[in-house]
Structures are given as C-alpha cells and as structure tokens.
Amino acid sequence: MAGLSSARLGIGILAHNEAARLPLLFESLFKQSVFGERAGAGRSIHVVCIPNGCNDDTSTVAKRCLADAVARLGNACVTWAVDELAAAGKANAWNHCVHASLASCDYLCLLDADIIFASESTLASALAVLDEDPRVCVATDRPIKRNPDDQTGWLARLSRYFSQAAPAGPTEICGQFYCARASVLRSIWLPPGLPVEDGFLRAMVITDEFRHPEDPHRIARAEHASHYFEAKTNPRDLWRHKKRLMIGTTLNALLFRHLWNRAGSRGAGELLREQLQSDPAWLSRYLSEESGRHAWVVPMGHVFRRLADLRTAPLLQAARRAPVAVAATAVDLLAAASANREIKRNLGLGYW
C-alpha cells in the first residue's frame, strides 16, 4: 500500500450504550495488521470513539480501552480520542465523526461498536482496494452473521434467512464497517432519522451525489476481509428489524426522487445540508407530503424480492427453496403493511 504509507488514517467507532461490547471490539481492532510495527511505521493513525446519547459507561470504557491499547502499541504515530455527544443518533454521530473528529484524515474507516473482526487483515485489505483502484471510493468487507448462543439450531437458521441485515452484493454498503476516501465522505451529510442510513450513503456514492447515473464500480468488496455481527433471534427483534428495513427503504426512495430532481451539478450533499440547516423540519415535512400522495408507498420489489430470486435459480434448487420463500414473502408482506401504516402516520423517520 505504497500510496497509503504517508496518508493519515482515521478510524471512527460509533457507539450507543455499548460499554459491555467495547472491550471485545478494541481487542479485535488493535490486532489488525495496520497497527503492526512494519505496517504502521510512518503512517499516522487516529482512532476516535463517538459515544452518542449513552446512559451507560460507554465513554469511560472507551477511554480506558483506548489508553491501554495505544500504550501497549508504543507507536507514536497512533493517537486516540473519545468525543462524547449528548444527542443520540447514528447520523448525528457519523456527521460529527467525518466532519469534525476525523476532519484532517485522508482515509476513513467507520465501524459500529458491536462488531468483531474475523480477519486480522480486514482493514489492510479494504485500504488496499482503495489504494489499487482510483475508481473505488468505498471498500467493504463480508459481514458474517452469528448467534453466539445457538450457532446451528433452528432459531439461528431462521434468523439467518429472515433477518437479512448483511448486504447480499459486493456493491452494497454495510454500515457496520467500511473504509472510504475521506474526500468522498466529507461532501456528504447523513440526514438525521433515516432508518437505513447505509442505503442512503450507497446511493450518494454510486451516483456521485445524484449528479451522474449509477456507477457500481465506486464501491468494491475487499477479498479476505470480514467481520462478525450478532444475529437477531428474538422474534420481536426480528420483526422490528424487518419493519425498519421496509421503512428505511421506502423513505430513501422518496428522498432519492427529490435529490434526482434538485441536486444538479452542485451535488446532493451541499443541497441537503443547506435545506436541513435552514429548516430542520424540512425532511419530516417533505416525507410526510410525499407519502401522503398514495395509499401504498412501500416499494413492492422489496416485498417480493425472495420470489424474484427464484426465477434465476436452477429448477431443482428453486423447487427446494420455494416453500420457505413463499412463507418468508408472506412475512415480508405483513411487515410491509405495518411499515406502510407507520409511514402514513408520520412515524417512519427516526424509527428504530
């Protein structure tokens, strides 16, 4: 990674009430090869944790873990900070991290506080993708869902099928972890309250902020890079997660329509920032008005995607998968109806 040898790397950890999980994350993070003596020599790395709206000891635990980990490294090129925010919200934490905490960095790695890296080369592999191909703006890894209590039981299998939190394709962005060119992220502001912020970020990246047709080559998955995240197995959590995806996908679609019509050559990032600064209630009002134009607003392609996947599967495989796909689609349809009702009641923005 010659192009990165003198670059300033920023690692941002977004944390909300994650005091119990942070020690595992930091243990995993500081085993990454980018912190090794040879890999890190001469490269400046700044690690910052952004606790937001926490009512536990997230901030205290983060400070202790970071201080201990950096001291053990004994590398003067690695620094750390904890920037605590009073207001909760991933968009709020992301905006502060990108535009303030890591404002002087050349490359950014953003991650959630509840993941564990599956490979010690994950960060290095993702950064190598950015270094090797100038077209790539964001590099992702492979999220691996795991249930620590029941790896092979029926509940874990049900969770893996019904709760599709991990992106299916290499050009998707999983908000749990990704690396990016700082110049690209720095022109983007995440609108507060969007339930599926990684879908919004992906659209901003592949369309160059809604200035050009989609270019999926702007996102690439790094080989040999992966992380674990905890599967949801509680039926109530699964249901809420499914509704959140439905709501977020719908609100994103409504917002994208506005951005395609208005962004122009200036780009959607600056447009959104100005609109939200001048009128913080603008997005809520706009989504309410747009969703009020039709009785049904949830994209049907998202509801019936499992049945659509059967069309491209080999005949025998499709026959085996059909019963489960039909059952899952029925659940998706119920979730879509509930999500549609929440959106029509103006309860979609900020849903979690």
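What follows draws every value from the coordinates through simple rules; no lab data is involved. It should be emphasised that the depicted structure is a prediction, and the values quoted were computed from it without experimental measurement. Note that we place each Cβ from the backbone using ideal geometry, even for glycine, and neighbour counts take in every protein chain shown.
General observations
- Counting charges near S125 (Lys, Arg +1; Asp, Glu -1) among other residues having Cβ under 12 Å from its Cβ returns a value of -3.
- Ordering A268, P323, L254 by the projection of their Cα atoms onto the charge dipole of the range 242-344, which places +1 on the Cβ of Lys and Arg and -1 on the Cβ of Asp and Glu, puts P323 at the extreme positive end.
- Spacing of the two label points (7 Å from each Cα toward its C-beta) at L316 and E289, in nm: 5.7 nm
- Cα-based Rg / Dmax (Å) for the range 231-292: 15.1, 46
- Helices in the chain that qualify as membrane-span-like (whole DSSP H runs, Cα extent of at least 24 Å along the helix axis, mean Kyte-Doolittle hydropathy of 0.0 or higher) are 315-344.
- Cut-off under 5 Å, modelled amide H: who pairs with A15 long-range: I50, N52
- Burial ordering of C49, C54, fewest other beta-carbon atoms within 10 Å first: C54, C49
- Environment charge at A318 (Cβ cut-off 15 Å; Lys +1, Arg +1, Asp -1, Glu -1): +4
- Note on L307 and T79: the extension gain reaches 77.1 nm, defined as 0.36 nm multiplied by sequence separation minus the Cα-Cα distance.
- The alpha carbon gyration tensor of the range 174-263 gives principal lengths a ≥ b ≥ c with a/c of 1.5 or higher and a/b no greater than b/c, which makes the shape oblate.
- Computed from Cα atoms alone, the Kirkwood hydrodynamic radius reported for the chain is 21.3 Å.
- The range 242-344 - Kirkwood radius from inverse mean 1/r over Cα pairs (Å): 15.7 Å
- In terms of overall dimensions, the range 56-133 has a Cα radius of gyration and Dmax of 14.3, 42 angstrom.
- Using the Cβ of W189 as centre and a radius below 9 Å, the other residues enclosed give a net charge of 0, where K and R count +1 and D and E count -1.
- Over the chain, relative contact order from alpha-carbon pairs under 8 Å, at least 6 apart, %: 17 percent
- Sorted peptide list for 331-342, 213-224, criterion being average Cβ within 10 angstrom, highest first: 331-342, 213-224
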